[in-house]
Amino acid sequence: MIELHMNRIQNAVATAVKMIPPAWPLASSVAVNPFLGQTNERLASVEERLGKIADVTLAMPRTWYLNRIASGLITDKDLSAALMACPHSGKPYDLKSLKEAARSVAERREPLPTVADLAAKASGLAWPALLGERIGAWAGSYFDEGQALWAAPRCRSAWASWKAYASHDLTPELHGLGGFAARVMGAPDSALEAIARSATRLGLSDGEMPSYFHQLLLSISGWAQLGRYKLWQAELAGRSDTTLGDLLAVRILWEEALYDLSAKQIEPEWRSIKSAHCAAIEPSRTSIVNEILQEAWERAEHRKLAAVIASPCTTSWREGPLMQAAFCIDVRSEVFRRALEQIDARIETIGFAGFFGIFLKHRRFASDVEELRLPVLLNPSVSSRAGDEKYSVEERSTRIRSRAVRAWGRFKQAAVSSFAFVEASGPLYAGKLVKDGLSLRRKYLPDEPPPSLDPPLSLDDRVKAAETILRAMSLTSGFARLVVLLGHGANVVNNPHASGLHCGACGGYSGEVNARLLAGLLNEQAVRDRLAQNGIAIPADTLFVAGLHDTTTDSVKLYDRDHPESAHRPDLAKARAWFAAAGKLSRAERALRLPGASGPHSVTRRSYNWAEVRPEWALARCKAFIAAPRARTAGKSLEGRAFLHTYDWKEDSERGFPVLELIMTAPVVVASWISLQYFGSTVAPNLFGSGNKLLHNVVGGVGVIEGNGGAMRAGLSWQSVHDGQNYAHDPLRLAVCIEAPREAMTDILSRNSGIRQLFDNTWLHLYAMDGEGRISHRYRGDLQWDAMLSTIETTANAA
């Protein structure tokens, strides 16, 4: 009987844990889909669940949609189509009733209170704030990754660590929670047993526990997401991790203690709350109308996108490109690619995932820290390090300098020396303060020694990797004399979330390492000889060069010193001039949207202004993912809002569409995480956003808190989605447009349930493009498609 009860507890914990999104530490933060674990349901159902336990609405205010209906952006056809596609039984029965429901005031549902909320109401003491502050004080130390001078021991579990901490913390008792330290000390050593004990004391049934556990984990916000990250990493490595379950044990023990403190006052209301937790999730009419209005708006925006794609191409293509430049599919590259192609029609640009197909674990120069420079969905398969034996002397001196800098930094912050340091050495920093305050100190792009695989791959493996990557790039013929492989990164100062501006496909790092490794691989003669035998003939005079696109300043750094030969110097000089000219055009376009930007030059200055909260807009306004030949979108302004992946389905079909499957199950998923993080941080900033940048303090080197304590905040800051007056991001779920046979896409969806859920439940929208590059069909769900070409032609003609 006891074993059966524990199994039920464990299942309830697992259900709650599955619905918590992970949050990566600041050093390698990446965008995360905040609805992970819930994408098997539609928006209205998820809104209903989160509204019940966290006061969340997953849509914009009704006036947002009504204004767009009044302006004609959202048409009656859009509303009718979204209404027809809605599967919920409680939806409005016709267009008129939908409009009436949209005009009515959306019913606001109060979230279910926790025991801490009930105790606060009964006693007048802010128990939720107190427990959040005490848990945060411990968690900041436990999860610390080098910020704290005196770090907490990491040799024990989170539950054991918290017990040791809380059993000596008298703060709860000073606020009236008598015997709390003794309760902690007497708690079971097993976190699962502690959860079971608390659940029994609270009288939770099997049906009530999953929802209630989910609510408790949401109440500790970013700490729970950091625990979920630990589990994510462990699962990738084939292991498990109990950190998130331990955090639940911590949180529910507080509930148990507060219940015992206030049981008489709260018991009647607590019984009704438990019953509500047990109730099945049935979307309310408000949530259903929100879902329909959101989809109608997305359909309207997709019509505009389809009209742009269907418009005539204004770029005149010439045979034999002078240069090919492969960019990451990141939306920020779209502006630069378009500008570069305007400079000279003989420049061809290519879109590919920014990790360039190298599943890499890398060590920087003179460092032993391993950086996972690949999508966080995957495990690394190769390792590399910057420099080799030729740099041994320089490496030794660099390590000594790094240790000295760390020692000096710790001396400045130590408990005793910090006071004397400020008075004795403060004036010496006057120059630095002036330079920083006037934005005179610039950061420079990475320029480490060339990376090399360590251990090296065999020739067979190198050839296989090169062929796989080139075919995935749809680059198997027509090579230019110069091919530039451009990773990307951001160049900012005083920004804890700087890694979030880097390449998401590189795990939150800049992409130059992957690009340099691939360039070296493709320049290797032995690899080229074998590629030629496999049908990929790279001309002898073709040079691959890596580069880094700085998305903050739109400048490009070339790593041509990796290939010290003179024959291509004129080509490289031209390339630098082209990139400089394209950067100027890109900065001029971006300056129009950046608050306070006065022109192209002011855009560059933002990168080293330590008071700038919006050095760039990153991936705000993203709304589409397009996988098709570049000719379909060349010369057409997509306003920096589209992920552009070069893809030729005809070549791919000869091998059974392996590249199409790779695109749909990897880059599309990464793009969906980005899109949905922006969506969540815009429509539900209190739950899925990190708050106000001006109030951020870094905690443990892993995250930020808003103010001086409490829960860690994950997600995007308010300044990342709002310009101070208006929303900078339109919360649209991504439109994925692919030029490929529908049968091939349907087959891939039928074999990949995870990506199919995203499309079936409209967390993403899937469109098929025809042989002329027009959007011809929309995926309806359940492996079915609807024709829509006539609608697009009508829109294009009207435009």
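Entry for the chain at q = 0.06, 0.08, 0.10 Å⁻¹: log10 I(q)/I(0) = -0.41, -0.74, -1.14, Debye formula applied to identical alpha-carbon scatterers, no solvent contribution. Highest mean first, the peptides 391-397, 239-245 sorted by other C-beta atoms within 10 Å per residue fall in the order 239-245, 391-397.
Here the extension length gained between Glu267 and Asp454 equals 61.0 nm, from 0.36 nm per residue of separation less the Cα-Cα distance. Spin-label pair Glu173-Ser653: with each label point 7 Å from Cα along the Cα-Cβ axis, the two points sit 7.6 nm from one another.
Among 696-705, 63-72, sorting by the average number of other beta carbon atoms lying within 10 angstrom of each residue, highest first, gives 696-705, 63-72. Scattering from segment 691-754 was approximated by placing one identical point on each alpha carbon and applying the Debye formula without solvent; log10 I(q)/I(0) at 0.26 1/Å stands at -1.10. Remark: the Cα gyration tensor places segment 541-622 in the prolate category, a/c being 1.5 or greater and a/b exceeding b/c.
The alpha carbon centroids of segment 1-50 and segment 212-277 are separated by 11 Å. Dipole orientation for the chain: of the candidates Trp223, Ala581, Gly354, Ala581 has the Cα lying most toward the positive pole (charges on Cβ; Lys, Arg +1; Asp, Glu -1). When the scattering of segment 71-150 is computed by the Debye formula from its Cα atoms alone, each counted once and equally, what is log10 I(q)/I(0) at q = 0.15, 0.18 Å⁻¹? Values returned for q = 0.15, 0.18 Å⁻¹ are -0.72, -0.82. Put a dot 7 Å past the Cα of Asn692, heading toward its Cβ, do the same for Ser381, and the two dots end up 4.9 nm apart. Projecting each Cα onto the charge dipole of segment 47-172 (Lys/Arg +1, Asp/Glu -1 at the beta carbon, about the Cα centre), which of Phe143, Pro172, Val56 comes out farthest on the positive side? Value: Val56. Distance between the C-alpha centres of segment 652-711 and segment 500-562: 26 Å, rounded to the whole angstrom. The residues of segment 158-296 expose, per residue, 36 Å² of accessible area to a 1.4 Å probe. Heavy atoms of the protein chains alone define the surface here; on that basis segment 17-152 has 43 Å² accessible area per residue at 1.4 Å probe size. On the beta carbon distance between Asp461 and Ser311, with R0 = 45 Å, the FRET formula returns roughly 0.50.
The protection proxy used here, the mean number of other Cβ atoms lying within 10 Å of each residue, ranks peptides 685-693, 106-114 as follows, highest first: 685-693, 106-114. Looking at segment 660-799 only, what percent of DSSP beta bridges run antiparallel? Nearest 5 please. Rounded to the nearest five, the antiparallel share is 65 percent. Taking Cα centre as origin and charging only the Cβ of basic (Lys, Arg, +1) and acidic (Asp, Glu, -1) residues, the dipole magnitude of segment 79-171 rounds to 240 debye.
Note on segment 250-399: Cα-only Rg and Dmax are 28.7, 83 Å.
What a 1.4 Å probe finds exposed on the chain is 54% carbon and sulfur by accessible area, rounded to a whole percent.
Start at zero, step by 5 Å, and the Cα-Cα distances of segment 456-521 spread as 3, 15, 18, 21, 17, 12, 7, 5, 2, 0 percent across the bins. Under a model in which nothing but the beta-carbon of Lys, Arg (+1) and Asp, Glu (-1) is charged, segment 1-137 shows a dipole of about 200 debye around its Cα centre. Here is the short version for the chain: Cys86, Cys155, Cys278, Cys313, Cys328, Cys622, Cys737 have no other Cys C-beta closer than 4.7 Å. In the chain, a dipole from Cβ-located charges (positive for Lys and Arg, negative for Asp and Glu) runs towards its positive end, and of Ser71, Leu453, Leu83 it is Ser71 whose Cα lies farthest in that direction. Helices assigned as whole DSSP H runs in the chain whose Cα atoms extend at least 18 Å along their own long axis and whose mean Kyte-Doolittle hydropathy is 0.5 or higher are found at 667-683. Per residue, the convex hull spanned by the alpha carbons of segment 196-305 comes to 166 Å³. Residue separation of Val393 and Lys304 scaled by 0.36 nm, minus their Cα-Cα distance, works out to 26.2 nm of gained length. Potential lengthening of the chain between Ser240 and Ser753 amounts to 182.4 nm, from the contour at 0.36 nm per residue minus the alpha-carbon distance. In this rough spin-label picture, where each label sits 7 Å from Cα along the Cβ direction, the Ala70-Ala126 distance is 3.8 nm.
Dividing the convex hull volume of the alpha carbon atoms of segment 119-205 by its residue count gives 121 Å³ per residue. Magnitude of the Cβ-charge dipole of the chain, K/R +1 and D/E -1, about the Cα centre, nearest 20 debye? Dipole about the Cα centre, nearest 20: 1560 debye.
Each other residue within a Cβ distance under 15 Å of Ser205 adds +1 if Lys or Arg and -1 if Asp or Glu, for a net charge of +2. With R₀ set to 41 Å, the beta-carbon distance separating Lys99 from Arg346 gives a calculated FRET efficiency near 0.20.
With a Förster radius of 45 Å applied to the beta-carbon distance between Ala526 and Ala588, the computed FRET efficiency rounds to 0.50.
A compact globular protein would have a Cα radius of gyration near 2.2 N^0.38 Å; the ratio found for segment 1-138 is 1.44.
Based on DSSP H segments of at least four residues, each scored -39500 (n - 2.57), the chain has a per-residue ellipticity at 222 nm of -15000 deg cm²/dmol.
For the chain, relative contact order (Cα pairs under 8 Å, six or more residues apart, normalised by length) works out to 17 percent. Summing +1 for each Lys or Arg and -1 for each Asp or Glu, what net charge is found among the other residues whose Cβ lies under 13 Å from the Cβ of Asn697? Charge balance near Asn697 sits at +1.
Looking at the chain, the DSSP beta bridges with both ends there are about 40 percent antiparallel. If you take all other residues with their beta carbon under 9 Å from the beta carbon of Arg364, and give Lys and Arg +1 and Asp and Glu -1, the sum is 0.
The values are calculated or read from the model by the stated rules, or taken from the named source; none is laboratory data. Bear in mind that the values here come from a model prediction, so they are computed numbers and not experimental data. Ideal geometry is used to build each Cβ from the backbone, glycine not excepted, and the neighbour counts take in all protein chains shown. Just the protein is used for accessible areas: all its heavy atoms, side chains included, with ligands, DNA and RNA removed. Shrake-Rupley method; radii C 1.70, N 1.55, O 1.52, S 1.80 Å.
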